[in-house]
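Working notes for the structure below.
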Amino acid sequence: MNLQQLESTARELVPGGKGILAADESTGTVTKRFNAVDIESTEENRRAYREMLFTTPGIGEYLSGVILFDETIRQKASDGTPLLEVIERQGIIPGIKVDKSTVPLPLSPDEKYTQGLDGLRDRLEEYREMGARFTKWRAVITIGDSIPTVNCIESNARALALFAAFSQEAGLVPIVEPEVLIDGDHSIERSDEVNEWTLRSTFNALYEQGVHLEGALLKPNMVISGKDSPEQASIEEVARYTIKCMLRSVPAAVPGIVFLSGGQSDVSATEHLNAMNNAMYGNLPWEISFSWARALQGKPMEIWGGDSSNAKEAQKVFHHRARMASTARYGTYSEDMEDQAA
Ligand code: 13P
């Protein structure tokens with residue numbers, strides 16, 4: 001294991017002003033998102049859609065990495081260039097989702113367990129040979145009556161730690177994603193409590209597994225009120241709770257925290273990221289960045305709509321969202337920037 005190489009790749013993924021595009025939706029997830037905007041989910045449509053995103057002119061100015069799904073890493077652009085190479089030509093680092101999605105947690109069917117450890121070593125070898133330089137694994141923690149349970153948190157933390165160890169062994173930087181869902185009517189205080197518990201257990205498992213933290217990234221949710229809570233915390237509260245929770249639970253050795261958007265609107269996710277960096281930029285032990293799917297892709301997907309004649313317009317909107325996220329990396333985003341672009 002080349003620790004220096006892992007460390008430098010991890011740092012290359014979190015430079016100032018840049019973040020990660022998560023374009024690693026499984027076929028099931030992308031089909032749901034396509035169907036919601038009336039796009040047929042064929043292999044060709046999924047390929048063409050991702051080609052549209054990756055060929056957006058100038059997108060490398062705002063993106064350090066793109067996370068791919070197994071199907072996509074094997075696909076080619078319409079001119080025959082592998083999509084992975086299209087990404088590299090934009091100066092962006094290609095990565096790959098390696099978990100095999102969730103199943104109900106045994107004996108606790110309202111919770112999830114993420115599978116995919118069997119055969120992982122061989123799959124990682126193949127992805128590295130194809131040119132991937134980092135990996136992602138998503139665990140899901142649900143807040144509800146009497147959940148999460150300790151067995152949910154612990155079994156997912158253990159799987160995340162094994163995934164991270166296998167990845168580092170293969171020379172790939174792991175993005176460790178324990179997502180605490182925003183679904184539910186819980187308060188921001190409850191979200192804080194569950195996030196802290198999840199993160200502490202995850203880092204404990206990473207330690208026990210011997211994972212080199214300087215060569216890994218964390219992808220958590222922000223500490224935020226449940227989606228259906230009647231009391232929605234303000235932007236400043238989300239920023240304050242999130243930073244405090246991270247300071248209590250995330251070791252300073254980790255180079256970056258790349259938040260997921262988790263169903264927040266694109267503008268909300270941008271405002272929250274901005275508020276954290278606006279208050280603390282340069283004064284935290286880790287970079288505070290983004291690794292977004294929906295908050296970057298929502299509008300572009302709708303505009304593209306499965307029709308290549310809309311590609312230019314969709315790329316413009318995608319470029320704009322990435323630029324907004326980039327300004328939030330420095331804490332210099334403002335809502336006027338949305339109006340100007342409109
Ligand atoms: P969202 O930003 O849509 O939450 O997706 C991020 C992700 O990669 C989920 O695994």
Please find, among MET301, MET324, MET337, the residue that is more than 16 Å from the ligand (Cβ to nearest atom) and among the aliphatic types (A, V, I, L, M).
MET337
Residue among GLY282, GLY306, GLY298 that alone is modelled with pLDDT under 95 and either closer than 19 Å to GLY263 by Cα or out of contact with any His (no Cβ under 8 Å at 6 or more places or on another chain) (or both)
GLY282
Which residue is farthest from LEU84 (Cα to Cα), if the candidates are limited to the stretch 44-58 and must be open to solvent by 30 Å² or more (accessible area, probe 1.4 Å) and polar (S, T, N, Q)?
ASN45
Only one of PRO94, PRO174 is in contact (Cβ under 8 Å) with a residue 24 or more places away in the chain and either surrounded by fewer than 19 Cβ atoms within 10 Å (Cβ to Cβ) or under 30 Å from LYS227 (Cα atoms) (or both). Can you tell me which?
PRO174
Index of the failed condition, LEU296 passing every other in (1) of a type in the set (A, V, I, L, M, F, W, C); (2) assigned to a helix (DSSP H, G or I); (3) more than 17 Å from GLU179 (Cβ to Cβ)
(3)
Exactly one of PRO104, PRO109, PRO148 is open to solvent by 50 Å² or more (accessible area, probe 1.4 Å), away from the ligand (no atom under 16 Å from the Cβ) and touching a strand residue (DSSP E or B) at 6+ places or on another chain (Cβ under 9 Å), and that one is PRO104
Residue list for the stretch 112-137, restricted to those being under 17 Å from the mean Cα position of the chain (by Cα) and either away from the ligand (no atom under 15 Å from the Cβ) or in contact (Cβ under 8 Å) with a residue 60 or more places away in the chain (or both):
ALA132, ARG133, PHE134, LYS136
Just give me the residues in the stretch 267-293 being within 15 Å of the ligand (Cβ to nearest atom), open to solvent by less than 20 Å² (accessible area, probe 1.4 Å) and in a helix (DSSP H, G or I), in sequence order.
ALA269, THR270, HIS272, LEU273
When only residues in the stretch 301-323 that are touching a Pro at 6+ places or on another chain (Cβ under 8 Å) and among the aliphatic types (A, V, I, L, M) count, which is most open to solvent (accessible area, probe 1.4 Å)?
VAL317
Search the stretch 325-342 for residues that are surrounded by fewer than 18 Cβ atoms within 10 Å (Cβ to Cβ) and pair each with any residue that is among the hydrophobic types (A, V, I, L, M, F, W, C) and in a loop (DSSP other than H, G, I, E, B) when their beta-carbon atoms are under 7 Å apart and the residues are at least 6 apart or on different chains.
none
Kindly indicate whether any position in the stretch 148-161 is out of contact with any Gly (no Cβ under 7 Å at 6 or more places or on another chain) and among the acidic types (Asp, Glu).
yes
Out of the stretch 182-205, which residues are open to solvent by less than 30 Å² (accessible area, probe 1.4 Å) and over 13 Å from ILE153 (Cα atoms)?
ILE182, GLY184, HIS186, ILE188, SER191, ASP192
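The values are calculated or read from the model by the stated rules, or taken from the named source; none is laboratory data. The model shown is predicted, which means the values in this text are computed figures rather than measured ones. Neighbour counts run over all protein chains shown; Cβ positions are idealised from the backbone, glycine included. These accessible areas exclude ligands, DNA and RNA; they are computed on the full protein's heavy atoms, side chains included. Shrake-Rupley method; radii C 1.70, N 1.55, O 1.52, S 1.80 Å.
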